[in-house]
Amino acid sequence: EYGSDYKFFLPSDERLRFIEVFSDAIFTASQRLGETLFPHLQRDRIDHLYPSIQVPQLVGSTRPLPTDQTDRPLLLVDLASIFAAKQQEIDIRAVAELAKRGHRVDLLLKGPQVPVYVQRLQELADSLGISEQITFEEFSVDVWPTIARADAVLISAPAHCFGRVAAEGMLGAKPVIYPASTDISEYMADGVTGLAYAARDAQDMAEKIERLVQDPALREKIGKAARERAVE
């Protein structure tokens, strides 16, 4: 439904073999990716190199801690292309689960949109009675204003290579809720710089969000630790 227009002259296995033969050194965006693509390559010829992300000076949260959580709902953001492979329905079902538990949270889905999938998500939110809590916004290159106004960053997609949005959320001093099985876990510390949940499990995601709802100080603590780790 959504993807690049890249067309390759060689099939995947031949491309990887071409890289192996003609490269003196290979860098991948995560350690797991290198181990997956080149499992037999000598370790001294391959290493991972995380992307460098240019970020403005952001210190702590731009939204003050409320004295009472009922003052406003938490704002959760998922910054990703809105199409089926990203599985934003997990976010929506988690928001609905929290509503059942008596917690109001707002969800912003921001990214390039595939209209048929957006419609599917809107219909899902309507059926769960939470449509007023879900907002869709088009993609913008500058993610930092969105991260700055968020309370937490959600990662719904069950597969990632590096996971740039997670790193951006950390640099923005926000707790990131991410699938434990992805490459994000390479640089994230569960419970310290973010909260891991079982991929595709909306209820588990909801439980992690609930911890942040119930403990504003924990949000601030994790966000601070996340930024320190990302800068390091």
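The values are calculated or read from the model by the stated rules, or taken from the named source; none is laboratory data. Worth saying up front: this structure is predicted, and the values here are computed from it rather than measured. We place every Cβ from the backbone using ideal geometry, glycine too, and count neighbours over all the protein chains shown. For accessibility, only protein heavy atoms count, side chains too; no ligands or nucleic acids. Shrake-Rupley method; radii C 1.70, N 1.55, O 1.52, S 1.80 Å.
Okay, here's what the table says:
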quantity: Residues of region 20-30 that turn out to be assigned to a helix (DSSP H, G or I) and either within 23 Å of the chain's Cα centre (by Cα) or surrounded by 13 or more Cβ atoms within 10 Å (Cβ to Cβ) (or both), as a count; calculated: 1
quantity: Pair list, Cβ < 7 Å and 6+ apart or interchain, from region 31-51 residues that are part of a helix (DSSP H, G or I) to residues that are surrounded by fewer than 12 Cβ atoms within 10 Å (Cβ to Cβ); calculated: Arg45/Ala25
quantity: Residue that is farthest from Ala94 (Cα to Cα), among those in region 154-170 that are out of contact with any Leu (no Cβ under 7 Å at 6 or more places or on another chain), buried (at least 20 other Cβ atoms within 10 Å of the Cβ) and of a type outside the set (Gly, Ala, Ser); calculated: Phe162
quantity: Test result for Val118, closer than 30 Å to Ser52 by Cβ, open to solvent by less than 60 Å² (accessible area, probe 1.4 Å) and not polar (S, T, N, Q); calculated: no
quantity: Test: residue in region 142-155 that is under 13 Å from Asp78 (Cβ atoms) and among the hydroxyl-bearing types (Ser, Thr, Tyr); calculated: yes
quantity: Residue pairs meeting the criteria (Cβ under 8 Å; at least 6 apart or on separate chains; first of a type outside the set (Lys, Arg) and modelled with pLDDT under 95, in region 199-215; second open to solvent by 20 Å² or more (accessible area, probe 1.4 Å) and not in a loop (DSSP other than H, G, I, E, B)); calculated: none
quantity: Residue list for region 200-232, restricted to those being open to solvent by 30 Å² or more (accessible area, probe 1.4 Å) and within 25 Å of Leu49 (Cα to Cα); calculated: Lys224, Arg227, Glu228, Arg229, Ala230, Val231, Glu232
quantity: Flag for Thr62 being polar (S, T, N, Q), modelled with pLDDT under 95, more than 24 Å from Gly163 (Cβ to Cβ) and open to solvent by 70 Å² or more (accessible area, probe 1.4 Å); calculated: no
quantity: Selection from region 144-182 of residues that are of a type in the set (D, E, K, R) and over 10 Å from the mean Cα position of the chain (by Cα); calculated: Arg149, Asp151, Lys174
quantity: In region 201-219, the residues that are charged (D, E, K, R) and either closer than 22 Å to Lys86 by Cα or in a helix (DSSP H, G or I) (or both); calculated: Asp201, Asp204, Glu207, Lys208, Glu210, Arg211, Arg219
quantity: Matching residues, region 94-115, being under 17 Å from the mean Cα position of the chain (by Cα), under 20 Å from Asp201 (Cα atoms) and buried (at least 20 other Cβ atoms within 10 Å of the Cβ); calculated: Ala94, Val95, Leu107, Leu109
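Here's the yes/no breakdown for (1) charged (D, E, K, R); (2) at pLDDT 95 or above:
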{"site": "Thr70", "(1), (2)": "no, no"}
{"site": "Gln88", "(1), (2)": "no, yes"}
{"site": "Asp106", "(1), (2)": "yes, yes"}
{"site": "Val143", "(1), (2)": "no, no"}
